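Enquirer: Got a structure for you, written out below as structure tokens; questions coming shortly.
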Amino acid sequence: MTAPGRTTGSPPVETLILLSPLSGVIVPLDRVPDAVFAQRLAGDGVSLDPLSDRVLAPCDARVLQVHRANHAATLSARGLEIVIHVGLDTVNLKGEGFRALVKAGDDVRAGQPLLAFDADLVARRARSLLTQVLVTNVDSVASIEPASGLVTAGRDVLMRVVIAGGGARPESAEPDGEVIESAPIVVTAETGLHARPAAMLAAAARRFSSDVRLVRGASEANARSVVSIMALEVAGGDSVRVVARGPDAAAAVATIAELLASDLTHANADRSAASSSVSSPAPAPSAGAQSDGALRGVAASPGVAIGNVFQLRHDDVVLEERASDANHERRALDSAIAAAHLQLEALRARLATDADDEKAAIFAAHQELLEDPEVLDRAEADIRSGASAAFAWRRAYTTQADRLLTLRSQLLAGRAADLRDVGRRVLHLLIGRDGAPHEVPPESIVVAEELAPSDAASLDRTRVRGFCTTSGSATSHAAILARGLGIPAVAGVDPRALDIPTGTRVVLDGDAGLLRTSPTPEEEARIAARIESNERRRISELSAAAQPATTRDGHRVEVVANIGDAAEARRVPDVGGEGVGLLRSEFLFMDRHDAPDEEEQARSYEEIARALGPDRILVIRTLDVGGDKPLSYVPMADEANPFLGERGIRLTLSRPQLFRTQVRAILRASRAGRVAIMFPMIATLAEWRAARELVERERATLDLPPIQVGIMVETAAAALLAERFAREADFFSVGTNDLTQYTLAMDRSNPRLAPQVDALHPAVLRLIERTVAGARTHGRWVGVCGALAGDLQAVPVLLGLGVDELSADVPIVPAVKARVRALSLQECRATAQEALGAADGAEVRAIVAARHG
């Protein structure tokens, strides 16, 4: 499981590849709710939110220890010590729910089971099931490259560990000085020295230059080593001694003895973490000790870039707080707001050319923010009270932005950055700045506390290779712009990023959500190769995108696109899309104060149909709002369960004029191309018939030929009654996002449940199978327009279940077509049948990986 390599003129580089010991979702250590693991006191690595209950060996290794509570195992491989720790506070279960399948001294192969546990019992009794996979002897590590996303046990790579100097480092020479020894100390921690207290002790011991040992009977442990301490197997009530030799031995013994005599609680963990950061007596930490130089955040825009840090700072100082002429200040504010309007209009026009209309619309929204009545009213009140325009305006917009940050909705809180961006633009005009973009040097990775949308839009793509911010999220407008412009980006990165000097060489990984400082030449070469490989694959898929998606044994599948506006429609032919399987018509209805009329809708739908051409289908979904997508001008009563209330077809049927206007616009647009219409959230035949009747009535009024009319299968009711619906509907399109949510009774927007909301769950697959079977009875076609259609692991299963059409997001279309061409329908059918009998989505993914790679 090792991959040695050599670079001319450099010492040997050896990489240990660790496979995932569990199926699940990778969670950065920073997000683990335990200070010892989050602050990497126990070692560096990743955490897993598990979806399986057997811990597999991540590589060929020797078992050093299995904890007496059977919740953790320590392995040795290529000089590295690897700890797999299942759950948080699981040591308190004292072995209940856990079973060891190996013992100390065993040699194991990659994929061999190490531990088994009762996931239900442990989840109920422990603080968390999050499982940590750590390299504890970080001094032997040059770098760690973690994977991200969903992984399958024993198959997917969890992380790549580059070993420093080609192997473990030798022990340091024994220090000079007097030997200091403590009296016997009774360990009062009930669970003894397991991973957490061992990590706290090791962190404290590393503060001192002396050699520090723990002695229990005839055995001793290096107090700097988490594994060595755990190997002593000290239980609560056991006695140990602390022995130290070196210039600060007395202080080391006193500190470690005090920790041992304490209860080693979480509070002590925080204290140990704080004390371990004191720099005076400790040597500088190694790269491995600092998480291989990586600062973690949230993946905001995909891609990897290498460049030099450029620290972007905003100076919003207002020198004059008071003014004597309120009328003059108000005129100055009005003038600055008008100038800001013009600047935003210019930015909008530029972005419409460089990216697309959807991204450009962000600045139309910014223009509306300039007229926010609460901000204007507060600023005017302060001006009347004697404040300068600049001071009053800054206080008004920052107060409103701070209010947004306190909201529960991450999406709304993300708009605080937009408001600050707009506010700062006006402020700079008031204090005499021209708002010109920052002068950024070539090969820059921009680092900022907050990157405003206008900053992102103004970045010179010939100079900026990527950016990261300490605030924001993947839903922020800056992140949306980055994705539209093809710039790798990371949001919410560790605030220490702001302390990195300008000019520092860094790696920005927008796929994994991290910023790594000072990469070695070997690392840069690997990353450059990764970038080149990704680009070659993308170019290859794109060059073949016009070819049909036909399996190796001759089965044809239609691959179409999900789109949200005309700009995306124009890209569909370029990526090989054979049409549009889902037009989200909500783009015409959102971010406005009233509904679009029939003329506006008809023009938009016609524009999209013409962009696709006469041979490509355009399936338009009628308005799908309600639940998590309210409209300000469509009043709805508060509902305890909005996802189970008035949304989708239920809402439009209850507002016949709104529905009728949209249906007429779609029918009129059918003159411009192959237009079809489908209704969202259908659950009953009565809903379907009412909607279909309205279409037929308006079609007759307009004297137009029939068009295809279908339904989205997003409820179990629709899937189970598919044969009955197929007698009347022309087609089905499976919306796997909502179908999964309703089938598993899990809110897909809940981050705590997200790892379990897998559309490849066999229960969801059985409903898709039932849908296809019902459609076949009456010769109807079935598409999938949910996110599952763009999941390359799902493609073999969907083909095997008999799906005729896959509708994916525009950028993914070439990859989906390439995936289809690599498959055999006969093999896909066998895969689908096996998947239907699986226990959960993780097992389905394991089946796909085993059969199709």
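Enquirer: Mind telling me which of the residues T771, T740 ends up being without any contact (Cβ under 8 Å) to a residue 60 or more places away in the chain, over 22 Å from the mean Cα position of the chain (by Cα) and open to solvent by less than 40 Å² (accessible area, probe 1.4 Å)? Break it down stepwise before answering.
Expert: Values: T740 fails: over 22 Å from the mean Cα position of the chain (by Cα).
T771 is the lone residue from the list that is without any contact (Cβ under 8 Å) to a residue 60 or more places away in the chain, over 22 Å from the mean Cα position of the chain (by Cα) and open to solvent by less than 40 Å² (accessible area, probe 1.4 Å).
Enquirer: If you don't mind, another one. Considering only residues of segment 818-850 that are charged (D, E, K, R) and under 21 Å from I768 (Cα atoms), which is least open to solvent (accessible area, probe 1.4 Å)? Give the steps one after another, and end with the answer.
Expert: Within segment 818-850, the subset charged (D, E, K, R) is 819, 821, 827, 829, 834, 840, 843, 845.
Checking which are under 21 Å from I768 (Cα atoms) leaves us with 819, 827, 829, 834, 840, 843, 845.
On the way: R819: 43, E827: 79, R829: 132, E834: 82, D840: 48, E843: 81, R845: 19 Å².
This residue is R845.
Enquirer: Looking only at segment 346-364, which residues are loosely packed, with under 14 Cβ neighbours inside 10 Å and modelled with pLDDT of 60 or more?
Expert: Residues satisfying the conditions are A346, A349.
Enquirer: Here are some residues: G105, G149. Which one is within 20 Å of S20 (Cβ to Cβ), surrounded by fewer than 16 Cβ atoms within 10 Å (Cβ to Cβ) and small (G, A, S)?
Expert: Criteria check complete, one pass: G149.
Enquirer: Evaluate the following for S182: is it polar (S, T, N, Q), modelled with pLDDT of 75 or more and touching a strand residue (DSSP E or B) at 6+ places or on another chain (Cβ under 7 Å)?
Expert: Judged against the criteria, S182 is a match.
Enquirer: Now for a separate question. Please list, ordered by residue number, the strands (runs of 3 or more DSSP E) wholly in segment 58-158 having 3 or more residues that are among the β-branched types (V, I, T).
Expert: Hits in segment 58-158: 80-85, 131-135.
Enquirer: Sort through E586, E568 and tell me the only one that's crowded, with 21+ Cβ neighbours inside 10 Å, closer than 30 Å to P656 by Cα and modelled with pLDDT under 95.
Expert: After ruling out the rest, the residue left standing is E568.
Enquirer: Suppose we filter S276, S262 for residues that are under 34 Å from the mean Cα position of the chain (by Cα) and either modelled with pLDDT under 80 or surrounded by 16 or more Cβ atoms within 10 Å (Cβ to Cβ) (or both); which single one remains?
Expert: Numbers: S262 fails: under 34 Å from the mean Cα position of the chain (by Cα).
None of the others qualify; the one that does is S276.
Residue by residue, here is whether (1) within 16 Å of V675 (Cβ to Cβ); (2) small (G, A, S); (3) open to solvent by 20 Å² or more (accessible area, probe 1.4 Å); (4) under 29 Å from the mean Cα position of the chain (by Cα) holds:
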{"position": "L542", "(1), (2), (3), (4)": "no, no, yes, yes"}
{"position": "T551", "(1), (2), (3), (4)": "no, no, no, no"}
{"position": "G554", "(1), (2), (3), (4)": "no, yes, yes, no"}
{"position": "H593", "(1), (2), (3), (4)": "no, no, yes, no"}
{"position": "Q601", "(1), (2), (3), (4)": "yes, no, no, no"}
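Enquirer: Next question. Given the conditions (1) of a type outside the set (V, I, T); (2) closer than 19 Å to G466 by Cα; (3) within 24 Å of the chain's Cα centre (by Cα), which single one is not true for R537?
Expert: Only one criterion in (1) of a type outside the set (V, I, T); (2) closer than 19 Å to G466 by Cα; (3) within 24 Å of the chain's Cα centre (by Cα) is unmet by R537, namely (2).
Enquirer: Let me ask something else. Determine whether A100 is within 23 Å of R127 (Cα to Cα), crowded, with 17+ Cβ neighbours inside 10 Å, aliphatic (A, V, I, L, M) and modelled with pLDDT of 90 or more.
Expert: Yes.
Enquirer: Against the condition open to solvent by 20 Å² or more (accessible area, probe 1.4 Å) and of a type outside the set (S, T, N, Q), how does R689 come out, does it pass? It would help to see each step written out before you state the result.
Expert: Numbers: open to solvent by 20 Å² or more (accessible area, probe 1.4 Å): yes; of a type outside the set (S, T, N, Q): yes.
When the stated conditions are applied, R689 passes them.
Enquirer: Can you pull out every residue in segment 118-134 that is open to solvent by 10 Å² or more (accessible area, probe 1.4 Å), within 25 Å of D30 (Cβ to Cβ) and touching a residue at least 12 places away in the same chain (Cβ under 8 Å)? Walk me through it before giving the result.
Expert: Applying the first criterion (open to solvent by 10 Å² or more (accessible area, probe 1.4 Å)) to segment 118-134 yields 118-121, 123-130.
Pick out the ones that are also within 25 Å of D30 (Cβ to Cβ) and you get 119, 123, 126-130.
Selection gives A119, A126, R127, S128, L129, L130.
Enquirer: If the requirement is being small (G, A, S) and either within 30 Å of the chain's Cα centre (by Cα) or surrounded by fewer than 17 Cβ atoms within 10 Å (Cβ to Cβ) (or both), which of these qualifies: A722, A716, A726, A665?
Expert: Only one candidate qualifies: A716.
Enquirer: Is at least one residue of segment 547-557 in a loop (DSSP other than H, G, I, E, B) and aliphatic (A, V, I, L, M)?
Expert: Within segment 547-557, none of the residues are in a loop (DSSP other than H, G, I, E, B) and aliphatic (A, V, I, L, M).
Enquirer: Cβ-Cβ distance below 6 Å, separation of 6 or more or different chains: which pairs start in segment 686-699 with a residue that is outside any helix (DSSP H, G or I) and end on one that is open to solvent by less than 60 Å² (accessible area, probe 1.4 Å)?
Expert: Correct list of pairs: empty, since none qualify.
Enquirer: Taking only pairs six or more apart or across chains, which ones have beta-carbon atoms under 6 Å, a first residue in segment 792-810 that is open to solvent by 20 Å² or more (accessible area, probe 1.4 Å), and a second residue that is assigned to a strand (DSSP E or B)?
Expert: Here the result reads D804/W781; D804/V782; D809/N562, each pair linking segment 792-810 to a residue that is assigned to a strand (DSSP E or B).
The values are calculated or read from the model by the stated rules, or taken from the named source; none is laboratory data. Note that the coordinates shown come from a computational prediction; the quantities given were computed from them, not determined experimentally. With ideal geometry, Cβ positions are generated from the backbone for all residues, glycine too; neighbour counts draw on all protein chains shown. Heavy atoms of the whole protein, side chains included, go into the accessibility calculation; ligands, DNA and RNA do not. Shrake-Rupley method; radii C 1.70, N 1.55, O 1.52, S 1.80 Å.
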